[in-house]
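*Asks:* Below is one structure. I have some questions about it.
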Amino acid sequence: MTKILASKELIQLQKSKFKEECANLSQKGITPTMKVILVGENPASVIYTRNKKKFIESIGGACEIIKLPADISEKTFLREVDQIANNPEVHGCFIQLPLPKGLSHLDLSKLIPPEKDVDGFHPDNLDLLLRGDTGDHSLLPCTPKGIIKLCNHFGIEIQGKKVLVIGRSMIVGKPMALLVLNHNGTPTISHSRSEDIESIAKEADIIISAVGRAKFLDKSWIGDKKPWIIDVGMNQDENKNLCGDVDTESIKDLVKGYTPVPGGVGPMTICSLVENLITATKRQTKELQ
Ligand code: NAP
């Protein structure tokens with residue numbers, strides 16, 4: 001029977017673990033503290049940041065969303081980020097993307113110090129990924145890290161398996177392929193210029209789609225191998241409801257299992273962000289070497 005890889009149960013398990021870790025830190029007078037920098041009022045970003053804050057507070061951490069105006073100058077934005085990120089009382093910090101047009105040209109990767117970089121985008125953290133880190137105790141990009149955790153939870157083996165990653169962005173596709181490699185899988189990374197991805201898909205044990213197009217992946221991609229499907233996409237369907245990249249109706253009887261949208265990869269991304277915050281807090285307070 002096709003398995004629906006919903007993340008709800010795993011999130012509850014992780015939450016319990018985080019609560020315990022926060023309680024232990026609290027006994028030493030430490031509260032994992034996050035600052036979120038939100039520029040402008042992009043409706044999706046407002047919801048994402050609110051959800052992240054809610055999650056952090058529910059496990060006993062502290063989180064403040066710092067709202068900056070959409071028309072903020074580059075100079076003021078950089079000064080604000082510097083002050084927030086270098087505040088010694090802050091353990092983790094991230095800038096909610098996307099930024100408004102006036103700031104979108106900026107290279108953000110080094111604005112947050114590596115030890116507070118809960119998004120895992122700082123070059124020092126990405127270097128760990130290149131060197132073979134598996135992400136258990138380091139600040140690696142949240143979506144790929146969450147996907148590996150979800151695979152482990154459902155007993156989806158990566159070692160030795162052919163894994164097709166569709167998409168090559170810095171936040172999902174590229175770190176995902178590296179993390180698969182670090183877990184001894186055999187990744188293939190594909191993108192809009194790749195030829196005949198369908199043939200590669202038909203040979204894959206796991207297909208991870210991070211394209212951003214509704215109903216992108218349908219039964220024409222699925223061969224006899226019955227792959228696992230991980231759907232990273234967050235799109236809107238014709239009724240403006242949240243949906244992934246995968247046409248689930250079309251593939252559901254042809255695969256071993258698939259992640260639903262909503263309720264699959266999205267919550268795992270937030271969960272990894274919180275795990276990164278706890279790791280960052282422990283490191284900075286010498287609770288973890
Ligand atoms: P992105 O930067 O736009 O990257 C999309 C990738 O898809 C690009 O590498 C692009 O190739 C590739 N692509 C586009 N059309 C293709 C085609 N026809 N065949 C093969 N590849 C194609 O997006 P992203 O930031 O990685 O995000 C991807 C999706 O995941 C979005 O829907 C986003 O909202 C979602 N997302 C979800 C989460 C979560 O927590 N669930 C987290 C992050 C992102 P080129 O490089 O050649 O252009």
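*Asks:* If I ask for residues that are among the aliphatic types (A, V, I, L, M) and more than 10 Å from the ligand (Cβ to nearest atom), which ones from the stretch 257-280 would you list?
*Replies:* Passing the criteria: VAL274, LEU277, ILE278, ALA280.
*Asks:* Ok, one more. Pairs, please: C-beta under 7 Å, at least 6 apart or cross-chain, first residue basic (Lys, Arg) and in the stretch 104-129, second buried (at least 18 other Cβ atoms within 10 Å of the Cβ)?
*Replies:* Matching pairs, first to second residue: LYS110/HIS122; LYS116/ALA85; LYS116/VAL90; LYS116/HIS91; LYS116/GLY92; LYS116/CYS93; LYS116/ALA280.
*Asks:* Do any residues in the stretch 148-171 that are without any contact (Cβ under 8 Å) to a residue 40 or more places away in the chain have Cβ atoms under 9 Å from those of residues that are within 10 Å of the ligand (Cβ to nearest atom) and in a strand (DSSP E or B), where the two are at least six apart or on different chains, and which pairs are they?
*Replies:* So the pair list comes out as ARG168/ILE189; ARG168/SER190.
*Asks:* Output yes when any residue across the stretch 187-202 is of a type in the set (A, V, I, L, M, F, W, C), touching a residue at least 60 places away in the same chain (Cβ under 8 Å) and within 16 Å of the ligand (Cβ to nearest atom), and no when none is.
*Replies:* Scanning the stretch 187-202 turns up no residue that is of a type in the set (A, V, I, L, M, F, W, C), touching a residue at least 60 places away in the same chain (Cβ under 8 Å) and within 16 Å of the ligand (Cβ to nearest atom).
*Asks:* How about the stretch 238-258: which of its residues are out of contact with any Lys or Arg (no Cβ under 7 Å at 6 or more places or on another chain) and either of a type in the set (D, E, K, R) or not assigned by TED's automatic domain parsing to the domain that holds ILE208 (or both)?
*Replies:* GLU238, LYS240, GLU249, LYS252, ASP253
*Asks:* Have a look at GLY92, GLY29 and point out the one that is closer than 22 Å to LYS282 by Cα and surrounded by fewer than 18 Cβ atoms within 10 Å (Cβ to Cβ).
*Replies:* GLY29
*Asks:* Hey, another quick one. Among the residues of the stretch 267-288, are any closer than 23 Å to ILE166 by Cβ, assigned to a loop (DSSP other than H, G, I, E, B) and of a type in the set (Ser, Thr, Tyr)?
*Replies:* No: the stretch 267-288 contains no residue that is closer than 23 Å to ILE166 by Cβ, assigned to a loop (DSSP other than H, G, I, E, B) and of a type in the set (Ser, Thr, Tyr).
*Asks:* Moving to a separate point now. Can you name the residue in the stretch 220-256 that is assigned to a strand (DSSP E or B) and crowded, with 19+ Cβ neighbours inside 10 Å and, of all such residues, is farthest from the ligand (Cβ to nearest atom)?
*Replies:* So the residue we want is TRP228.
*Asks:* Which of the residues spanning the stretch 209-255 are closer than 17 Å to ARG168 by Cα and touching a helix residue (DSSP H, G or I) at 6+ places or on another chain (Cβ under 6 Å)?
*Replies:* Result: ALA210, ILE230, VAL232.
*Asks:* Please list, ordered by first then second residue, the pairs with beta carbon atoms under 6 Å, 6 or more apart or interchain, first in the stretch 250-273 and of a type in the set (Phe, Trp, Tyr), second more than 10 Å from the ligand (Cβ to nearest atom) and modelled with pLDDT of 95 or more.
*Replies:* Within 6 Å, the pairs are TYR258/ILE229.
The values are calculated or read from the model by the stated rules, or taken from the named source; none is laboratory data. Note that the structure is predicted; figures quoted are calculated from it, not measured. Using ideal geometry, Cβ is built from the backbone for each residue, glycine included, and neighbour counts are taken over all protein chains shown.
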